[in-house]
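Q: Structure below; questions to follow.
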Amino acid sequence: MEPGGNALRAATAAQAGPGQRVLVWGAGTIGLLTAAFAGAAGADVHVLALDNQRQKLAERLGAGRYWTISDPPRTTFDAVIDCTDDHSVPASALTLVKPAGRVVFIGLSGKPSLIDSRDLVLNDLTVVGVLGASAGLAAAIEHYADGRVNPGSLVEITVSLDRAVEALDRRLTPRSGTKIHVDPRL
């Protein structure tokens with residue numbers, strides 16, 4: 001639920017909707033869920049990632065176009081959402097948004113991210129930071145419940161409640177980043 005609440009808030013902050021071209025930068029869990037929520041809102045969603053490893057997954061979650069760092073978009077977008085932990089992405093994101101567009105920062109880097117405030121002012125950009133899922137949880141649950149967003153393709157392992165501790169302790173999931181769904185109905 002928590003990543004979904006954050007992702008929904010990011011898509012909402014970007015004002016994703018019909019007629020809007022949105023670039024989601026990052027193909028991790030938050031990025032892909034953000035793409036799914038932006039697509040559910042009716043936006044034309046593009047994803048920019050390090051490589052094409054998650055392209056098919058992004059497409060299943062609603063991305064209409066998938067770009068990689070080695071072949072980035074050469075156009076601008078109504079909104080750009082930074083879902084990475086790369087300190088260089090915020091400044092680069094500003095170059096991919098149209099004048100009077102929106103930039104949403106949801107990813108956090110361990111190092112400071114430097115941007116030139118002249119880029120914000122001269123391009124009349126609206127910049128929003130999103131941290132915390134609480135304000136988006138109820139709406140994310142509604143999207144999941146009515147099928148507008150299906151996060152199931154992100155889940156790699158589903159376990160019953162009695163195996164939750166084992167799974168979350170990584171005894172069932174040796175790989176870092178594996179997504180686990182605990183289903184109490186099993």
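Every read-out reported here was derived from the displayed coordinates using simple, explicitly stated rules and does not represent laboratory data. Since the model is a prediction, treat every value here as computed from it, not as a measurement. Note that we place each Cβ from the backbone using ideal geometry, even for glycine, and neighbour counts take in every protein chain shown.
Q: Lysines within cross-link reach of Lys98: Cα-Cα under 28 Å, excluding same-chain residues under 8 positions apart?
A: Within the straight-line cut-off, Lys98 pairs with Lys56, Lys111.
Q: Only bridges whose two residues both fall in the chain count here: according to DSSP, what percent of them are antiparallel, nearest 5?
A: Restricted to the chain, the bridges split so that about 5 percent are antiparallel.
Q: Report the label-to-label distance for Val165 and Thr76 in nanometres (one decimal), using points 7 Å from each Cα along the Cα→Cβ vector.
A: 5.6
Q: Follow-up. Please list, in order, the residues from the stretch 68-100 whose amide nitrogen is less than 20 Å from a point placed 7 Å along the Cα→Cβ vector of Leu120.
A: Taking a point 7 Å out along Cα→Cβ of Leu120, the residues of the stretch 68-100 whose backbone N falls under 20 Å are 77-100.
Q: Nearest 20 debye, what's the magnitude of the dipole of the chain about its Cα centre given +1 on Lys and Arg Cβ and -1 on Asp and Glu Cβ?
A: It comes to approximately 200 debye.
Q: Which whole-number percentage describes the relative contact order of the chain, with Cα contacts under 8 Å and a sequence gap of 6 or more?
A: It rounds to 21 percent for the chain.
Q: For the stretch 71-108 and the stretch 1-65, compute the distance between their C-alpha centroids and round to whole Å.
A: 13
Q: Now for a different question. Ranked highest first by the average count of other Cβ atoms within 10 Å around their residues, in what order do 33-40, 159-166, 137-144, 45-52 fall?
A: Order by mean packing, descending: 33-40, 45-52, 137-144, 159-166.
Q: What list of ³J(HN,Hα) values in whole Hz, one per residue of the stretch 151-164 in order, does the Karplus curve 6.51 cos²θ - 1.76 cosθ + 1.60 (θ = phi - 60°) give from phi, with Gly and Pro shown as x?
A: For the stretch 151-164, the Karplus curve yields x, x, 6, 7, 7, 9, 9, 10, 10, 7, 4, 6, 10, 4 Hz.
Q: Now for a different question. Within the stretch 100-153, report the trypsin sites (Lys or Arg not before Pro) that DSSP leaves as loop and that have at most 16 other Cβ atoms within 10 Å.
A: Arg148
Q: Take peptides 9-16, 73-80 and line them up by average Cβ neighbours within 10 Å, highest first, as a rough protection proxy.
A: Descending packing order for the listed peptides: 9-16, 73-80.
Q: DSSP beta bridges in the stretch 22-118, what fraction antiparallel, as a percent rounded to 5?
A: 5
Q: Next up: How far apart, in nanometres, would the label points at Val182 and Val155 be if each is projected 7 angstrom from Cα along the Cα-to-Cβ direction?
A: According to this spin-label approximation, the distance is 1.3 nm.
Q: So how much slack lies between Asp51 and His87, counting 0.36 nm per residue of separation and subtracting their Cα-Cα distance, in nm?
A: 11.2 nm
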